[in-house]
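See structure below.
Derivation of every value follows stated rules applied to the coordinates shown; laboratory data play no part. No experiment lies behind these values; they were computed from the predicted model shown. Ideal geometry is used to build each Cβ from the backbone, glycine not excepted, and the neighbour counts take in all protein chains shown.
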Amino acid sequence: MSSPSLDSEPSLSVAGHNGWRRTSPTPSLSEVFGSIVVPRGSTVFRRFLAFVGPGYLVAVGYMDPGNWATSLAGGAKFGYTLLFVALLSNVMAILLQSLCARLAIASRRDLAQACRDAYPSWVSWPLWIFAEAAIIATDLAEVIGVAIGLNLLFGIPLEIGVFITAADVFLILWLQNRGFRWVEAFVITLLAVITACFFVQIAMADPDWAGVIAGFAPSTDIVTNPEMLYIALGIIGATVMPHNLYLHSGIVQTRNWETTPARRFEALRMATWDSTIALMFALTINASILILAAATFHASGNTEIVEIDQAHALLAPLLGGSLAPTMFGIALLCSGLNATVTATMAGQIVMEGFINFRISPVLRRLVTRSIAIVPAVIVILIWGSSGTGQLLILSQVVLSFQLPFAIVPLVMFTASKAKMGDMVAPLWLTALCALIAVTIIALNINLLWSVAVIGW
């Protein structure tokens with residue numbers, strides 16, 4: 001597919017940025033690179049509309065099935081207490097995603113390409129392996145989520161539903177062939193369905209709004225209680241997801257903006273606003289899942305909700321009627337379908353960016369999905385549906401452990417004047433994002449200590 005151009009061809013690098021070891025030859029997702037032109041001479045609002053889209057694809061990762069498992073478990077077990085973690089995670093995400101947009105616009109590289117171009121192979125290859133592990137962990141959550149959604153809505157057995165999820169490659173191929181705006185429209189439509197489903201369920205649950213507001217305040221129990229910390233880390237892992245950092249820095253470059261300094265800074269502002277608004281929307285959904293669990297399960301004494309299908313089964317007797325559980329199942333299925341689309345693109349960006357190896361999206365999807373299906377099938381065959389919830393939470397904790405390997409390079413690149421030129425991140429933003437990285441590393445060490453030494 002040829003790309004429309006403002007300056008004949010979108011530039012892959014910015015002159016004068018000589019802080020890289022090598023030059024990026026070809027962009028990731030080259031078939032859609034620079035394919036959406038930012039109109040010249042139009043109003044600011046029209047130019048902003050041209051940037052709307054990538055933020056919502058990123059937001060999908062903040063409300064995927066893995067997030068459901070951790071939020072349901074946290075709300076059922078600890079009530080509204082972990083709402084603060086959801087809020088904190090969202091603030092972390094907004095700051096980190098702004099760095100992704102900055103990296104992409106300043107260097108015309110995604111995070112994977114930046115790692116390849118900045119580090120020797122003995123550093124970049126392990127980072128690639130960690131990134132692929134994060135993609136597989138993400139896909140594992142989506143496999144289980146879609147399979148559970150199919151089971152709840154249509155009664156399809158989990159072990160069959162897991163294999164049906166492999167068919168989503170055809171949906172992804174069709175969307176990509178139609179153009180990147182079709183991908184964005186599909187994702188935003190499903191996000192609207194998810195939102196409507198949760199508004200109905202929250203209205204039926206009638207939560208304690210004073211408790212909801214109090215839940216957004218910090219509590220020392222989150223750090224001192226190992227079980228609460230485990231769920232909190234899962235929420236962070238499910239919210240601030242490694243693959244989203246690669247994804248955002250790649251898909252921002254589907255926009256074709258003028259390369260003058262003023263337009264580049266405008267592109268950064270608009271891309272940041274796009275992701276910030278989308279992530280605030282994602283916080284609403286994440287908080288809704290936790291509030292629903294707290295108001296419905298915790299309030300009724302059902303504190304050990306670790307399975308999504310268990311939560312679904314309890315909604316009807318607790319809220320009355322079949323509307324709430326049906327809405328729950330529809331939202332879960334939409335969430336899983338959305339996440340499969342974005343995870344495929346993230347997988348392409350990671351593989352093409354790190355090792356410059358290009359295969360068709362269909363083949364890439366089949367390979368990743370096949371790897372993710374294996375542990376899901378094993379767990380379902382051995383433990384049945386009772387093991388899927390724990391596997392979902394474990395996948396999110398694994399993602400939390402992967403985060404530093406994506407965040408640390410991102411912060412280092414965007415803080416480098418040599419690499420970023422006049423778009424280098426301000427000191428306050430670098431300091432905050434560095435603090436986020438240190439906090440996540442410290443929480444991970446704390447969790448390892450709790451498991452290995454205390455042995456809860």
- [ ] Would you kindly state how much longer the chain becomes between THR23 and THR189 on full extension, computed as 0.36 nm times their sequence separation minus their alpha carbon distance, in nm to one decimal?
- [x] 56.0 nm
TODO: Could you work out how far helix 323-355 tilts from the main Cα principal axis of the chain, as a 0 to 90 degree angle to the nearest 10?
DONE: 30 degrees
Task: Ranking of VAL397, VAL240, VAL374 by count of other Cβ atoms within 10 Å, fewest first - done: VAL374, VAL397, VAL240
- [ ] Quick one: order LEU323, LEU152 by neighbouring beta-carbon count within 10 Å, fewest to most.
- [x] LEU323, LEU152
Open item on the list: If each DSSP helix of 4+ residues adds -39,500 (n - 2.57) and the sum is divided by the residues in the chain, what number results at 222 nm, nearest 500 deg cm²/dmol?
Closed with: -24000 deg cm²/dmol
Open item on the list: Tell me the net charge near ALA295. Cut-off is 9 Å between Cβ atoms, ALA295 excluded, with +1 for each Lys or Arg and -1 for each Asp or Glu.
Closed with: -2
Task: Ranked VAL193, VAL379, VAL162, criterion: other C-beta atoms within 10 Å, fewest first - done: VAL193, VAL379, VAL162
- [ ] Calculate the length of the line joining the C-alpha centroid of the range 193-235 to that of the range 139-155, in whole Å.
- [x] 23 Å
Open item on the list: Taking log10 I(q)/I(0) by the Debye sum over Cα atoms at q = 0.08, 0.14 Å⁻¹ straight from the coordinates, which label in (i) -0.55, -1.52; (ii) -0.43, -1.31; (iii) -0.69, -1.26 is the correct one?
Closed with: (ii)
TODO: Quick one: net charge around PHE180, please, counting Lys, Arg +1 and Asp, Glu -1 for every other residue with C-beta under 10 Å from its C-beta.
DONE: +1
TODO: May I ask you to derive the relative contact order of the chain, considering only C-alpha pairs under 8 Å and at least 6 residues apart, and to give it as an integer percent?
DONE: 35 percent
